[in-house]
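Chemist: Below you will find the structure I want to go over with you.
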Amino acid sequence: MAAKASVLEFWNSITPNMNFWLALNSRRPISADSLAELVAQSEWAELDVARTELYLGLCWGNPLEHQYQWAQPFSGCHRIIAAVDEPSSIKV
């Protein structure tokens, strides 16, 4: 949780010319304003990197349960994909 600001600072420094998608069961484009709302609602942030995309996890609740569907709405994580064009089919 203490690293949220530095994770977001890194994310913002490397994604200015990228497009964003909210990773749900399917991917849908997300605006910078919607991304800012999700950032404000999150308690911590995580980063995963693939070859051509970055994945930002904006998480809340119990860190030991946030990855499980049954933990929602009390714990969870919104996954944001940043890519130059369309996101690949990689699931992270």
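The values are calculated or read from the model by the stated rules, or taken from the named source; none is laboratory data. None of these values were measured; they are calculated from a predicted model. Note that each Cβ is placed from the backbone with ideal geometry, even for glycine, and that neighbours are counted across all protein chains shown. Ligands, DNA and RNA are stripped out before the accessible areas are found, and what is left, the full protein with its side chains, is counted by its heavy atoms. Shrake-Rupley method; radii C 1.70, N 1.55, O 1.52, S 1.80 Å.
Chemist: Looking at Ala82, is it of a type in the set (Gly, Ala, Ser) and either part of a strand (DSSP E or B) or touching a Gly at 6+ places or on another chain (Cβ under 7 Å) (or both)? Give the steps one after another, and end with the answer.
Modeler: On the way: of a type in the set (Gly, Ala, Ser): yes; either part of a strand (DSSP E or B) or touching a Gly at 6+ places or on another chain (Cβ under 7 Å) (or both): yes.
When the stated conditions are applied, Ala82 passes them.
Chemist: If you don't mind, there's one more thing I want to ask. Which of the residues belonging to the stretch 35-68 are more than 21 Å from Met1 (Cα to Cα) and more than 12 Å from the chain's Cα centre (by Cα)? Please lay out each step first, then the result.
Modeler: Of all residues in the stretch 35-68, those more than 21 Å from Met1 (Cα to Cα) come to 50-53.
Scanning the stretch 35-68 gives Ala50, Arg51, Thr52.
Chemist: Among what's in the stretch 38-79 and is in a loop (DSSP other than H, G, I, E, B) and of a type in the set (S, T, N, Q), pick the residue that is surrounded by the most Cβ atoms within 10 Å (Cβ to Cβ).
Modeler: Initial filter on the stretch 38-79 (in a loop (DSSP other than H, G, I, E, B)): 42-43, 50-52, 61-68, 72-75.
Then drop every residue that is not of a type in the set (S, T, N, Q), which leaves 42, 52, 62, 67, 72, 75.
Values: Ser42: 20, Thr52: 12, Asn62: 12, Gln67: 12, Gln72: 13, Ser75: 18.
Out of the qualifying residues, it is Ser42.
Chemist: Given the criterion open to solvent by less than 70 Å² (accessible area, probe 1.4 Å), modelled with pLDDT of 95 or more and not in a loop (DSSP other than H, G, I, E, B), identify the matching residue among Leu35, Leu22, Leu8.
Modeler: Leu8
Chemist: If you don't mind, another one. Would you mention how many residues in the stretch 50-91 are under 18 Å from Asn17 (Cβ atoms) and at pLDDT 90 or above? Outline the logic, then answer.
Modeler: Initially, the stretch 50-91 is screened for residues under 18 Å from Asn17 (Cβ atoms), giving 50-56, 80-88.
Checking the rest, the ones that are also at pLDDT 90 or above come to 53-56, 80-84.
Of the residues in the stretch 50-91, 9 are under 18 Å from Asn17 (Cβ atoms) and at pLDDT 90 or above.
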